[in-house]
């Protein structure tokens, strides 16, 4: 009986082996790799979305390619998936989304229900949830079609903006696709996206950001405000702080930031958000000779300036009723959910008092002796 069972199992395994179909693998020369996707709103009710794909063209050797080579495919449709299926009929190779790392939205798309657009990217298993999301000005298509002169073969300028292995800047806000989803669906934290601005024919700048509270309610942050947001979000390393007082002007290069806060709601008193910020750095530039013996004095002046800048930003958020830092999430997480906690936070936030404590530490005045 035992031998018959073994023979029976072996025969079935052989039969199943022959019935297996071949894999769907395609050689690399049969693929076109999508590097970035752009979505714009067309104002056409029948085909409201315009999708643009930036595809990398394969090259025999990197040394032979003077610069990166791309082609662009654009299609309008009422759905994103439908547009891509039509785009596939315009090329002779399989479109591969495995290397898609940047998703750019036109400003008009943000004024619509983002849940519909977001659904497409999250349901596709071949689009990584660590892809970066940004806003394109004047349109997403123009951002994708802009090819900076510094863009080399086997590289992508848009990737270098966000990956931290190229440019490093305190003006750049980074938002991943998974965080994009969380901020759109979760109450207590608002969506913030970097702005990719086309300048001229071949230059892209990224030093501003945009906060989306809800449809048709947008707050655009300036370069300085974006930098301060990164400080409060614990992303503000390598930023500069300009300090002016009584004829003295110096620039503090901050290389480390530590931020923490807690929300206090004492009975029968005004709610308070206590925030502690520690910044460490050196003096990078000054209009006067500086003495190493006065580092404590310079640190105190820098702390006062930083407190003023950050206080202004927090009040701006409060006045516009936006919360990109997730204060509402912290409030919900630290309170017992016996009532509608978020509705409670919505009543508190417009009246909350910001109590900032800034500790600045200047480690040196530079290398000049």
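Data table
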read-out	value
Candidates 203, 89, 259, ranked by Gaussian network fluctuation over the chain, Cα under 10 Å, top entry	89
Listed residues 218, 135, 243, most fluctuating in the chain (Gaussian network, C-alpha, under 10 Å)	243
Cβ crowding within 10 Å averaged over residues, with 292-301, 272-281 ranked highest first	272-281, 292-301
GNM result for the chain, Cα springs below 10 Å: residue of 42, 52, 139 fluctuating most strongly	42
Degrees, to the nearest 10: 223-232 long Cα axis against longest axis of the chain	90 degrees
Tilt relative to the chain, helix 114-123 - C-alpha long axis, 0 to 90 degrees, to 10	50 degrees
Helix axis angle, 295-319 relative to the chain longest principal axis, alpha carbon, degrees	60 degrees
Value of relative contact order over region 223-369, rounded to a whole percent, pairs C-alpha under 8 Å and six or more apart	30 percent
Extension gain from residue 14 to residue 76, taking 0.36 nm per residue of separation minus the Cα-Cα distance	17.4 nm
Reported label for calculated Cα extents along the principal axes in Å given (1) 61, 49, 44; (2) 53, 44, 37; (3) 88, 61, 58	(3)
MRE, 222 nm, helices only [DSSP H, n ≥ 4, -39500 (n - 2.57), over the chain, to nearest 500]	-9000 deg cm²/dmol
Added length on full extension, which subtracts the Cα-Cα distance from 0.36 nm per residue, residue 293 to residue 333	9.9 nm
Percent antiparallel among DSSP beta bridges (both partners in the chain, rounded to 5)	65 percent
Nitroxide proxy distance, nm - points 7 Å out along Cα→Cβ at residue 42 and residue 125	3.1 nm
Packing-based ranking, highest mean first, of 113-121, 143-151 given that Cβ atoms within 10 Å are counted	143-151, 113-121
Rounded Å value of the spacing that divides the Cα centres of region 119-139 and region 74-109	11 Å
Global geometry of region 28-221, whether rounded, prolate or oblate, following the gyration tensor of its Cα atoms and the 1.5 cut on a/c	oblate
Label zone at residue 269, where the point sits 7 Å out along the Cα-to-Cβ direction: region 335-357 residues whose backbone N lies under 19 Å	335, 348-357
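A short reminder: the numbers here are calculations on the coordinates, not readings from a lab. Since this is a predicted model, take the numbers as computed values, not measurements. Heads up, the Cβs are rebuilt from the backbone with ideal geometry, glycines too, and the neighbour counts pull from every protein chain shown.
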